[in-house]
Amino acid sequence: MTEDGVCIVDELQQFYLVCQPIIRIRSSQLIESVADYEVLIRSKRDNKFPFNAFRKLIECEAYNNVFIEWFEKEFNYLLQKFPNYKFDINIDPQQFKYPRTWIFIDSILPECRRIAVEITEAIPLNKEFAAQDKFFKKSPLSVLKKMGFKTVVDDIGTGQNSLQFVANNLQDIDRLKISLVAFRGLRDDATYLFLKAWFHLANKYNFEFVVEGIDNEITATSLISSGLDMQQGFFWQKPHVLKETAKRLNNIY
């Protein structure tokens, strides 16, 4: 492994997992329940997603193998400690080209009924894998769905998760997620029209539809009044270390 590679792997030691609930609202009174928890990566350096380090870790098979080994251990801990929780995990399209990623997916197959796999919007890094048409025609969604996992397309309308991608994989999708962050700078009425169109598509094909980036009660209640009752964001709860994991982190660090 090169010196640069050693630094990248060392950076992995700074990673830890947090969870953010996806909320299902049962009435206009904001009576909510947790549908599942999205598992997110953070760095102890700044408590943010380590974007640059993560992208370097998945750009080649050897580094991705090390990352997956780490993630598998941490995620299995969550599965064990919270047997009644449902979890969503994010997998970058780039990672699906590596056998070790699929070995990990096979390893969690016994728990597939409480695991959703989110395909992120990132465009694959590798040149021979970067053409979107290739990914559209050979999406891992169908394989994941046949295995029994809930399939999720994350951040629709951004990156490679376009309308075309959704249209080409309608039979293999269980949930769509859209983030209000992508609409910053647009007028509220324009944003609502985009949400309404995607929500209509989701209803037509019986997809769950989650709106991310909810950061205030006005936005939450406005969307609820339009039937958008699955939400995620700081208004409901910030990403956090689940209680049992917090105890473990304290013991280790």
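The values are calculated or read from the model by the stated rules, or taken from the named source; none is laboratory data. No experiment lies behind these values; they were computed from the predicted model shown. Neighbour counts run over all protein chains shown; Cβ positions are idealised from the backbone, glycine included. The protein model used for the area step is the full one, side chains on, heavy atoms only, and it has no ligands, DNA or RNA in it. Shrake-Rupley method; radii C 1.70, N 1.55, O 1.52, S 1.80 Å.
Key figures for this structure:
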| read-out | value |
| --- | --- |
| Residue among F183, F207, F234 that is of a type in the set (F, W, Y), buried (at least 17 other Cβ atoms within 10 Å of the Cβ) and either modelled with pLDDT under 95 or under 20 Å from V39 (Cβ atoms) (or both) | F183 |
| Cβ-Cβ under 6 Å pairs, at least 6 apart or on other chains, region 40-66 side farther than 19 Å from P124 by Cβ and of a type outside the set (F, W, Y), far side in a helix (DSSP H, G or I) and modelled with pLDDT of 95 or more | none |
| Filter result (buried (at least 19 other Cβ atoms within 10 Å of the Cβ) and under 15 Å from V117 (Cα atoms)) within region 144-165 | L144, F149, K150, T151, V152, V153, D154, D155, I156, N161 |
| Region 137-156: number of residues that are in a helix (DSSP H, G or I), of a type in the set (D, E, K, R) and modelled with pLDDT of 95 or more | 2 |
| Long-range neighbours under 7 Å by Cβ, at least six apart or interchain, first residue without any contact (Cβ under 8 Å) to a residue 60 or more places away in the chain and more than 13 Å from K204 (Cα to Cα) within region 164-175, second part of a helix (DSSP H, G or I) and of a type outside the set (D, E) | Q164/F136; F165/F136; N168/F136; N169/L141; D172/L141; D172/S142; D172/K145 |
| Selection within region 184-231 - farther than 18 Å from D154 by Cβ, part of a loop (DSSP other than H, G, I, E, B) and among the basic types (K, R) | R187 |
| When residues of region 210-231 are limited to those that are without any contact (Cβ under 8 Å) to a residue 60 or more places away in the chain, more than 18 Å from L40 (Cβ to Cβ) and among the hydrophobic types (A, V, I, L, M, F, W, C), the one most open to solvent (accessible area, probe 1.4 Å) | I218 |
| Selection count, region 157-183, where residues are in a loop (DSSP other than H, G, I, E, B) and farther than 23 Å from P110 by Cα | 5 |
| Scope region 201-242; condition in contact with a helix residue (DSSP H, G or I) (Cβ under 8 Å, 6 or more places away or on another chain) and among the aliphatic types (A, V, I, L, M); matching residues | L201, V211, I214, L223, L228, V241, L242 |
